Amino acid sequence: MDRDGDGKISRKEFSGPDEAFKRMDTNKDGFIDQKEREAMRAARRQGRVGGGGGFTMQEFFRTLDVDQDRQVSAKEWEFILKPADFKVADADTDGKVTPQEWFRYMGQGNRPGGFRPGGRGRLDRGPAQGDAAPKVTAKSMTDGKPVNLAKVTRPTVMIFGSYT
């Protein structure tokens with residue numbers, strides 16, 4: 001939180017861990033400025049979390065959770081993220097974002113693995129076995145026929161992209 005109103009966040013103003021501050025301070029000038037905060041937001045929009053080095057979503061949630069109460073208040077949220085996004089993430093509108101709401105907001109569904117005892121700690125590994133498949137249809141590369149991916153029962157690798 002920019003307590004002195006100078007437009008940048010010093011290490012003294014930053015209540016998160018040193019490692020998080022170092023990752024966000026990409027130009028290593030001892031401050032997190034607006035450009036670095038925007039880079040972090042852009043990285044988040046692209047599916048990464050953090051500016052230069054990146055964070056796991058679990059680490060980033062813990063960085064936002066300044067008072068370490070396992071929920072992020074609007075005040076904590078606005079420290080780094082845009083206030084308008086808080087309303088989207090706070091699905092139950094109780095004024096706080098829980099780990100489950102955070103992972104849903106970040107597109108990771110309802111599985112904050114690193115937040116439960118024995119959790120995998122890797123939040124980018126996809127759905128758990130037995131989770132319902134999304135309702136998606138894709139064309140088969142071999143015959144061009146549509147394939148309902150929700151009905152695929154065997155392990156399948158999908159590659160998305162353009163080879164042009």
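List of remarks:
- Lysines with Cα under 16 Å of residue 28, excluding same-chain neighbours fewer than 8 positions away: 8, 12
- Potential lengthening of the chain between residue 139 and residue 6 amounts to 42.5 nm, from the contour at 0.36 nm per residue minus the alpha-carbon distance.
- Violating pairs (Cα-Cα greater than 29 angstrom) within the set 35/87; 82/151; 87/139: 82/151; 87/139
Any read-out appearing in this document is the output of simple, stated calculations on the displayed coordinates, not a laboratory observation. As the structure is a prediction and not an experimental result, all values here were calculated from the model.
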